[in-house]
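Here's the structure we're looking at; comments come further down.
The values are calculated or read from the model by the stated rules, or taken from the named source; none is laboratory data. Note that the structure is predicted; figures quoted are calculated from it, not measured. Ideal geometry is used to build each Cβ from the backbone, glycine not excepted, and the neighbour counts take in all protein chains shown. Ligands, DNA and RNA are stripped out before the accessible areas are found, and what is left, the full protein with its side chains, is counted by its heavy atoms. Shrake-Rupley method; radii C 1.70, N 1.55, O 1.52, S 1.80 Å.
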Amino acid sequence: MKCVWFSFVVVWLFLTGCFQDRGNSNANDDVYDILNIYSDRHYPVDDTIYKMFENATGVKINLVKGKSEDLLARLQKESQATKADLLITADVGRLHQAKSAGFFQSVDISPALQYIPSYLYDEEGYWFGLTKRARVIVYAKERVEDYEIRDYEDLTHENWKGRIAVRSKENIYNQSLLASIIAANGEEEAINWVKGVVENMYQSPKGNDRDQVKAIFAGKADLAIINTYYLGQMHHSEDPLERKAAESVKVLYPNQLGRGAHINVSGAGVLKASKRKELAQQLIAFLLSPEIQELYAKENFEFPVHENVQTSQEVLSWGAFHEDQIELSKIGSLNATAIKVFDKGGWK
Ligand code: FE
């Protein structure tokens with residue numbers, strides 16, 4: 001059945017996009033045969049996926065990778081002269097910033113959204129979630145019992161003094177997590193949460209998510225806040241230290257008796273300046289198709305946004321969970337407040 005669906009997508013891409021655009025373009029092939037993508041996703045699976053799109057459509061993907069803040073600054077500078085057709089980011093906070101800055105145009109890809117829950121994309125069509133990521137707590141198997149912690153809010157308990165590893169306030173994943181706490185508990189409670197977590201950190205925030213897991217393996221910390229796919233990547237790392245570090249921790253999906261674990265998305269939007277709107281829409285539809293959703297899940301341990309696509313067996317082995325289903329656009333709109341709350345609470 002999946003093969004049939006995939007064949008259908010490929011044929012559809014050819015009929016609606018590739019052939020039609022080429023037919024329209026004539027001497028203007030450079031306008032229609034390349035899609036320029038600015039992306040801050042840094043995962044090898046993306047190269048495989050773009051190659052599949054190129055093979056299916058004959059459209060060349062020109063990928064410009066960079067940090068999301070740099071890509072946004074570049075778009076600001078280039079304005080309408082940008083060659084970029086799409087912006088792909090690893091966090092809804094950045095998607096919201098791009099929408100607010102007026103970089104995106106609204107597009108209608110409703111047929112491709114049939115199996116995508118509505119809280120995972122912008123209702124006005126400016127951006128679309130492509131994969132889900134859960135920002136969770138991991139804990140030292142050897143030193144923490146399962147029953148000792150349950151919710152994000154428990155991280156402020158004095159029992160964890162000097163035992164928490166987490167990255168800085170500059171990190172957009174942390175900003176989105178804090179935005180979800182502000183949405184759930186209000187700004188005052190969120191400031192107290194920040195203060196409490198800061199009290200319990202084993203060191204001033206440094207490093208990336210993998211470094212926090214390594215701190216647990218080294219015995220410097222007992223709890224860390226990370227995105228789950230990094231744990232999958234570490235289990236399969238060529239670096240033995242990363243594999244051992246991943247084996248030393250267990251995943252806790254927080255707030256299971258309440259709002260659920262915090263979910264974020266990697267997502268895409270079509271840039272306002274793009275002259276290849278149709279093709280850009282087709283790429284997003286392709287990325288939302290079941291086959292590609294399965295690749296994101298299997299190869300990069302992310303959660304598919306497509307309702308009928310399974311999470312990878314390995315990720316499922318860490319446990320089932322229910323997710324916070326707050327509208328992600330709300331998380332994006334609370335980004336500026338989250339930055340302010342981090343500052344008030346003293347998170348470096
Ligand atoms: Fe990441």
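Of note:
- Among the residues of segment 110-153, those identified as open to solvent by less than 10 Å² (accessible area, probe 1.4 Å) and more than 26 Å from Leu316 (Cβ to Cβ) are Asp122, Gly125, Trp127.
- Taken together, the residues in segment 262-283 that are within 16 Å of the ligand (Cβ to nearest atom) and either open to solvent by 20 Å² or more (accessible area, probe 1.4 Å) or of a type outside the set (A, V, I, L, M, F, W, C) (or both) amount to 4.
- When residues of segment 210-221 are limited to those that are open to solvent by 20 Å² or more (accessible area, probe 1.4 Å) and part of a loop (DSSP other than H, G, I, E, B), the one farthest from the ligand (Cβ to nearest atom): Gly219
- Residue in segment 73-86 that is small (Gly, Ala, Ser), without any contact (Cβ under 8 Å) to a residue 24 or more places away in the chain and surrounded by fewer than 21 Cβ atoms within 10 Å (Cβ to Cβ) present: yes
- Among the residues of this structure, Ser176 does not count as one that is farther than 17 Å from Val136 by Cβ, of a type in the set (Ser, Thr, Tyr) and either modelled with pLDDT of 95 or more or in the same structural domain as Ile216 (by TED's automatic domain parsing) (or both).
- Residue list for segment 25-46, filter: modelled with pLDDT under 95 and open to solvent by less than 20 Å² (accessible area, probe 1.4 Å): Ser25, Tyr43
- For the criterion of being without any contact (Cβ under 8 Å) to a residue 60 or more places away in the chain, within 16 Å of the ligand (Cβ to nearest atom) and either under 16 Å from Pro254 (Cβ atoms) or part of a loop (DSSP other than H, G, I, E, B) (or both), Gly207 passes.
To keep it simple, each residue is scored yes or no on (1) in contact with a helix residue (DSSP H, G or I) (Cβ under 7 Å, 6 or more places away or on another chain); (2) free of Cβ contacts under 8 Å to residues at least 12 places away in the same chain; (3) more than 16 Å from the ligand (Cβ to nearest atom).
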{"site": "Asp122", "(1), (2), (3)": "yes, no, yes"}
{"site": "Phe128", "(1), (2), (3)": "yes, no, yes"}
{"site": "Val138", "(1), (2), (3)": "yes, no, no"}
{"site": "Arg143", "(1), (2), (3)": "no, no, yes"}
{"site": "Glu153", "(1), (2), (3)": "yes, no, yes"}
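- Scanning segment 286-330 for residues that are farther than 21 Å from Phe53 by Cα and among the acidic types (Asp, Glu) yields Glu307, Glu314, Glu323, Asp324, Glu327.
- Selected residue (only one of Asp46, Asp33 is within 16 Å of the ligand (Cβ to nearest atom) and out of contact with any Asp or Glu (no Cβ under 7 Å at 6 or more places or on another chain)): Asp46
- Tally, over segment 304-331, of residues that are within 14 Å of the chain's Cα centre (by Cα) and surrounded by fewer than 24 Cβ atoms within 10 Å (Cβ to Cβ): 1
- Criterion: within 16 Å of the ligand (Cβ to nearest atom), part of a loop (DSSP other than H, G, I, E, B) and basic (Lys, Arg) - qualifying residue of Arg259, Arg167: Arg167
- For segment 32-57, the set of residues classified as of a type in the set (Lys, Arg) and without any contact (Cβ under 8 Å) to a residue 40 or more places away in the chain consists of Lys51 only.
- Exclusive hit being in contact (Cβ under 8 Å) with a residue 60 or more places away in the chain, within 16 Å of the ligand (Cβ to nearest atom) and not hydroxyl-bearing (Ser, Thr, Tyr), set Asn227, Asn192: Asn227
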